[in-house]
Amino acid sequence: MTEVKKIVNQLHPLERKLLPLLKFNNIQSEIVKNSKLEEVEITRAAQWLEAKGLVINELTITQTAKLTDHGRKYLEKGLPEKRFLRTIKNTILNLEEIKQKAELSNEEVNACIGLLRRNNYIETIKEKEAKFKITNQGISVLEKKSDEEQLLEKLKDGAKTEIFSDKDKKIIEELRKRNITRTDENKERKITLTKLGKEIVKEKLDVNLIENLTPEILKNKEWKDKEFRSYDVKSQVPKLIGGRGHPLQETIDYIRTIFLDMGFKEMEGPLVETAFWCMDSMWIPQDHPAREVQDTFYLNKEGKLPIKELVKKVAEVHENGGKSGSKGYGYKFDENVAKQLLLRTHTTATTFRYFGERNIKPPAKYFYIGRIFRNEAIDATHLPEFHQVEGFIMDEGLTLRDLMGYVKEFYNKMGINKIKFKPTYNPYTESSMEAYGYNEQLGKWIELINSGIFRPEALEPYGIKVPVIAWGLGLERLAMMIHEQKDVRNMLGATSDLRWLREHKVTKKW
Amino acid sequence: MVILETEHKQLNKIIGRKLEIKELEEILFSLGYELESAEGDKLRIDITTERPDLLSTYGLGRALRAYLGNKNDEIKINKSNYKVNVKQPAKEWMNTAAAVVKGLKLDDEKIREIIRVQEKIGGTFLRNRKKGAIGVYPLEKIKFPITFTAEKPEKIKFRPLEYQKEINGKEILEKHATGMKYKHLLEKWEKYPIFTDSKNKILSMPPIINSHELGRVDEKTTEVFVEVSGRELKTIDMALNVMISALVGIGGKIYSVEVNYGNKKITTPEFKGEKRTIKTEYVNKIIGTELKTNEVKKLLEKMNHKVVSSNPNSLTIITDPLRTDIWHDIDIVDDIARAYGFNNLELRMKNVESTGETTRSVKVKEEISKLLIGLGYQECFTLMLTNKETQFEKMNIKEPGYVKLGTTVEQGINMIRQWLLPELIRVLENNRSAEYPQKIFEISHTTVIDNTKDVGCRDVLKLSIVNCHSNVNFTEMKQVLDYLFNTLGIQYELTEVEHESFIKGRNAKIKHNNEYIGNFGEINPKVLENFGIEMPCTGLEINLTELFRL
């Protein structure tokens, strides 16, 4: 197929209609008048044709100055300044009198005075009240037609601004500011055929090609005798907006799958907790800094404590270690502190609720992914609420080595194979450690997982005699890393960036 | 985490070995601390809060020295005749322990270190002076015996540190910077604690401030009186030990002080660790090792514990007297594991049989999300924390009971959300420049008051959907509802209802088994105006907890 033939075959019906018309006229507004094509159809076809190299579009903007309603009134009755002068031609009058005689509004009068004074056409005589007197210059002006008046005449039926001198243009602009004239813009498209375009126009364009393949065409077998119009496969198409899961949910599901694969059961617990379940139950001292208002959201209300027997055992491990073999903290346990309602600061609150309420027997493996709260101000890396992931294993014979082994396995399942451990401190686990994973892409060690073995003081009240190893991680940090999002506010909350949520790349985990 | 600022050369001197930065960094990491920065001789080291004894150059140096296998000399306490008499102390602040330190060689940097250690022990171990406070005085300015007592605030008169004139106890809390900072600790007490000397001059008013005249240490000072006062004797004894050890590092020799409580006399400081018997089997059971007793002994010594006797299966030790974080034998085992090196342990995964299982809430959420994403909806996560203006006022409805929050750091937060719809509308509000149609949903928890629960409220899983575009209408949302319930195989009924968040006559109540489970309809233009949205919206909210009996 020749190049010309190929182009002809690709032409859209609108292009086919427009092309022949261009032989006679190339101004869009005139084509609209002389054909059945609408303005928007011509615009679209002209743009497509330009993309194919068949026409050149030239846009010209013409400005037309016209009189406003005010302007037309002044053309008839005279400009306010002229009317002002006329009333005082032979007499000296005060403002009120001028207004009445000249039929001027307050605004008009005020505008006039400034203008007339600037040009020395009037002078003010101060008696009890201000009076106005015409000057000699004023009288001479009154006798001839001003530039403004001449322009009003010229603009009576509107006129293209390009025909006026620069001086006149300035005056028109002044008049526009006074709301006497207005300027309308008019876009005109000139569509000129290129050399290629002229060749194409010579071809037979009104061929009857198949546009959309319809059920009718299939039924009546029309396609057997006709040709299909070719499409420009390179042309731009409008963007699609699809439905998508949230990147954070994807991360949650990803972590959940790892846990379920490893045989863990999922937990659920309340967002509002008593300090008892959130802190006391796991031997966090009652004067621990994390309990302070700067860190924890309190409801300023009291909740109910669990059965007395359990509260007593917990109080004992705090006070003197109870039967755990510990010295305890050596203070008097305060039930009122334990009753305070707060927003849970970690998911371990739920873990201990399970210990206290569900009589979990070894061997057991549980996990939880839930929202937790910290009384913090919002910035690019901090929100007052975020998701925590937590898993624990309870069984005879578990050791520090097993904790590390499970944490490594967990990292491996996330695709991180190089890890190292650092001891740390945590009031309810001993040993406690941070596990660092080496991020190959970033080329650095990143601390994602915190872990430990629950302290004997933390487990004793629940009669748990076997080791419980546990680990946790922050979900947002992981999700931000996976999805290369630097500002957590774009991901979560009212400030979520819908564009990003729609368009973020599907990422390989790590 | 607390930062120890120290000097590399000084540290090496105490360690007794030249430790290169890289080596130091590795040892710190394996012990659980971190070299934050090293610029020239200046080091900044992250120490975890349970170890205030590591917050001085001497304290850390001493720990590293033992770790590297060099014994530390025991801290020697010289006998003396210095006395502190306790006379009717404040009932909230009853105890004190003290020491005298001589032979100090101070310069500006050393004085700063003393102040830093004092501040950090006060800030961490003593819980921002809530449990106790430390005072240091030049010995030459004060006359023994010292009295620890309490007085009505108006009657306490002295010139506090770095203040231009003498003021009373009450004024200190109002006018002095440190007074204002720690005012909350004692403003409700009837009497404030004070130390006075034998000439009845005030040394200090703990836990607030020293006297400018008697309690100001400068570079000429070589001998000091150190006291810790507070609530519990055990705590302040420990704090005194830690403070004193920091002074030993700058050449100090320690002299004891007798504290006379009237009914009992104690001599402080006492560098007396605790006696504990550690069974080798217990250590191996926790860590998962097969260490021999003599190997355990070496590891204990690396951590500054003194082994006093041993038999094949166990060791009797005196714990490091500077340690404030040993409650249980498990803490000793952790020390042994750190000395061994966590990263030297061979990892293993004991097989623990159990089957994986998720919850019904998770499954419900998953199924509905899949259906909605299939319909072209974008999932959103909004915050649970919000405000009543968004939840009720802007939604044009009356304020019901809700879960209120106390003090919040972030402005614009005062409750936990009760429904999701207003939060999704806020997402639209912030995305007015994104392309339309905007079709979003969220499935998440909300919280409502429920006094039958121990926490006074209950979490409810809800689904909310919002459509926002120029041709939005009731039918479009009803189609979604219909599709969801049909595919989920759930019957529902609709009844007309007046709900001010929606347009009258264009919203409905959703019922299932005669129970009210949700609403949907065209959002009231007044609501849209409140959120500054100039595009019509429909909204839906369904209580999934109720619908699925979760």
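The values are calculated or read from the model by the stated rules, or taken from the named source; none is laboratory data. Bear in mind that the values here come from a model prediction, so they are computed numbers and not experimental data. Cβ sites come from the backbone with ideal geometry, for glycine too, and all protein chains shown count toward neighbours.
Are there any pairs, at least 6 apart or on different chains, whose C-beta atoms fall under 8 Å, with the first in the stretch B:206-235 and without any contact (Cβ under 8 Å) to a residue 60 or more places away in the chain and the second of a type in the set (Asp, Glu) and surrounded by fewer than 24 Cβ atoms within 10 Å (Cβ to Cβ), and if so, which?
B:HIS212/B:GLU162
Of the numbered conditions (1) among the β-branched types (Val, Ile, Thr); (2) surrounded by 24 or more Cβ atoms within 10 Å (Cβ to Cβ); (3) more than 9 Å from chain B (Cβ to nearest Cβ); (4) over 22 Å from A:LEU342 (Cα atoms), A:ILE453 fails exactly one; give the number of that condition.
Against the list (1) among the β-branched types (Val, Ile, Thr); (2) surrounded by 24 or more Cβ atoms within 10 Å (Cβ to Cβ); (3) more than 9 Å from chain B (Cβ to nearest Cβ); (4) over 22 Å from A:LEU342 (Cα atoms), A:ILE453 comes up short only on (3).
Residues in the stretch A:388-407 that are within 10 Å of chain B (Cβ to nearest Cβ) and either surrounded by 23 or more Cβ atoms within 10 Å (Cβ to Cβ) or modelled with pLDDT under 95 (or both): how many?
Of the residues in the stretch A:388-407, 8 are within 10 Å of chain B (Cβ to nearest Cβ) and either surrounded by 23 or more Cβ atoms within 10 Å (Cβ to Cβ) or modelled with pLDDT under 95 (or both).
How many residues, within the stretch A:456-467, are in contact (Cβ under 8 Å) with a residue 24 or more places away in the chain, outside any helix (DSSP H, G or I) and more than 11 Å from chain B (Cβ to nearest Cβ)?
1
So A:ASN220 fits all but one of (1) surrounded by 13 or more Cβ atoms within 10 Å (Cβ to Cβ); (2) away from every other protein chain (no Cβ under 11 Å); what number is the exception?
Status for A:ASN220: all satisfied but (1).
Quick check: anything in the stretch A:179-191 among the hydroxyl-bearing types (Ser, Thr, Tyr) and either closer than 30 Å to A:GLU3 by Cβ or more than 45 Å from the chain's Cα centre (by Cα) (or both)?
no
Would you mind finding the one in A:VAL337, A:VAL314 that is surrounded by 22 or more Cβ atoms within 10 Å (Cβ to Cβ), under 16 Å from A:PRO427 (Cβ atoms) and more than 9 Å from chain B (Cβ to nearest Cβ)?
That would be A:VAL314, the only listed residue that is surrounded by 22 or more Cβ atoms within 10 Å (Cβ to Cβ), under 16 Å from A:PRO427 (Cβ atoms) and more than 9 Å from chain B (Cβ to nearest Cβ).
Please list, ordered by first then second residue, the pairs with beta carbon atoms under 7 Å, 6 or more apart or interchain, first in the stretch B:117-143 and among the aromatic types (Phe, Trp, Tyr), second modelled with pLDDT of 90 or more and assigned to a helix (DSSP H, G or I).
Close Cβ pairs (under 7 Å, with a partner that is modelled with pLDDT of 90 or more and assigned to a helix (DSSP H, G or I)) amount to B:PHE125/B:PRO52; B:PHE125/B:ALA239.
Looking at B:ASN507 and the list (1) outside any loop (DSSP other than H, G, I, E, B); (2) surrounded by 21 or more Cβ atoms within 10 Å (Cβ to Cβ); (3) within 13 Å of chain A (Cβ to nearest Cβ), which single condition is not satisfied?
The one condition B:ASN507 does not meet is (3).
Scan (1) of a type outside the set (Asp, Glu); (2) within 7 Å of chain A (Cβ to nearest Cβ); (3) over 32 Å from the mean Cα position of the chain (by Cα) for the single condition B:LYS394 breaks and write down its number.
It is condition (2) that B:LYS394 fails.
Please indicate, with yes or no, whether at least one residue in the stretch B:80-103 is in contact (Cβ under 8 Å) with a residue 40 or more places away in the chain, surrounded by 19 or more Cβ atoms within 10 Å (Cβ to Cβ) and within 14 Å of another protein chain (Cβ to nearest Cβ).
Scanning the stretch B:80-103, I find at least one residue that is in contact (Cβ under 8 Å) with a residue 40 or more places away in the chain, surrounded by 19 or more Cβ atoms within 10 Å (Cβ to Cβ) and within 14 Å of another protein chain (Cβ to nearest Cβ), so the answer is yes.
Output the number of residues of the stretch B:422-435 satisfying the condition of being more than 9 Å from every other protein chain (Cβ to nearest Cβ) and assigned to a loop (DSSP other than H, G, I, E, B).
So the count comes out to 1.
Name the helices (runs of 4 or more DSSP H) wholly inside the stretch A:308-421 in which the number of residues that are free of Cβ contacts under 8 Å to residues at least 60 places away in the same chain is 2 or more.
Output list reads A:308-319, A:335-339, A:400-413.
Which ones in the stretch B:425-462 are of a type in the set (A, V, I, L, M, F, W, C), over 25 Å from B:LEU550 (Cβ atoms) and in contact with a helix residue (DSSP H, G or I) (Cβ under 6 Å, 6 or more places away or on another chain)?
B:ALA434
Output the qualifying pairs, or none if there are none: Cβ atoms under 8 angstrom, residues six or more apart or on different chains, first residue in the stretch B:405-421 and at the interface with chain A (Cβ under 9 Å from one of its Cβ atoms), second residue surrounded by fewer than 16 Cβ atoms within 10 Å (Cβ to Cβ).
Close Cβ pairs (under 8 Å, with a partner that is surrounded by fewer than 16 Cβ atoms within 10 Å (Cβ to Cβ)) amount to B:GLY406/A:VAL293; B:GLY406/A:ASN300; B:THR407/A:VAL293; B:VAL409/A:GLN294; B:VAL409/A:ALA377; B:GLU410/A:ALA377.
For the stretch A:35-145, please list each of the strands (runs of 3 or more DSSP E) lying entirely inside it that holds at least 2 residues being surrounded by fewer than 11 Cβ atoms within 10 Å (Cβ to Cβ) and at pLDDT 85 or above.
A:55-67
Going by the conditions given, is A:LYS332 surrounded by fewer than 15 Cβ atoms within 10 Å (Cβ to Cβ), away from chain B (no Cβ under 11 Å) and either more than 28 Å from A:ILE449 (Cα to Cα) or in contact with a Lys or Arg (Cβ under 7 Å, 6 or more places away or on another chain) (or both)?
Spelling it out, it is not the case that A:LYS332 is surrounded by fewer than 15 Cβ atoms within 10 Å (Cβ to Cβ), away from chain B (no Cβ under 11 Å) and either more than 28 Å from A:ILE449 (Cα to Cα) or in contact with a Lys or Arg (Cβ under 7 Å, 6 or more places away or on another chain) (or both).
Looking at the stretch A:290-301 only, could you name the residues that are surrounded by fewer than 20 Cβ atoms within 10 Å (Cβ to Cβ) and within 8 Å of chain B (Cβ to nearest Cβ)?
Selection gives A:VAL293, A:GLN294, A:TYR298, A:ASN300, A:LYS301.
Could you list, in sequence order, all residues of the stretch B:437-481 that are of a type outside the set (Val, Ile, Thr), more than 28 Å from A:ILE307 (Cα to Cα), more than 9 Å from every other protein chain (Cβ to nearest Cβ) and in a loop (DSSP other than H, G, I, E, B)?
Selection gives B:HIS469, B:SER470, B:ASN471, B:ASN473.
Filtering the stretch A:224-253 down to residues that are of a type in the set (Lys, Arg) and part of a loop (DSSP other than H, G, I, E, B), which residue is modelled with the highest pLDDT?
A:ARG244
So, in the stretch B:9-59, how many residues would count as being free of Cβ contacts under 8 Å to residues at least 60 places away in the same chain and among the hydroxyl-bearing types (Ser, Thr, Tyr)?
Of the residues in that region, 3 qualify.
Does A:LYS505 fit the bill of being surrounded by fewer than 20 Cβ atoms within 10 Å (Cβ to Cβ), out of contact with any Leu (no Cβ under 8 Å at 6 or more places or on another chain), assigned to a loop (DSSP other than H, G, I, E, B) and touching a residue at least 60 places away in the same chain (Cβ under 8 Å)?
no
Quick one: which of A:GLY243, A:GLY263 is facing chain B (nearest Cβ under 7 Å), under 22 Å from B:LYS439 (Cα atoms) and touching a Gly at 6+ places or on another chain (Cβ under 6 Å)?
That would be A:GLY243, the only listed residue that is facing chain B (nearest Cβ under 7 Å), under 22 Å from B:LYS439 (Cα atoms) and touching a Gly at 6+ places or on another chain (Cβ under 6 Å).
Among B:THR235, B:THR267, B:THR316, which is the only one that is of a type outside the set (Phe, Trp, Tyr) and surrounded by 19 or more Cβ atoms within 10 Å (Cβ to Cβ)?
B:THR235
Within the stretch A:467-510, can you find the residues that are of a type in the set (Gly, Ala, Ser) and under 23 Å from A:GLY242 (Cβ atoms)?
Within the stretch A:467-510, A:ALA479, A:GLY493, A:ALA494, A:SER496 qualify.
Among the residues of the stretch B:352-364, write down those that are out of contact with any helix residue (DSSP H, G or I) (no Cβ under 7 Å at 6 or more places or on another chain) and within 9 Å of chain A (Cβ to nearest Cβ).
B:VAL352, B:GLU353, B:SER354, B:THR355, B:GLU357, B:THR359, B:SER361, B:VAL362
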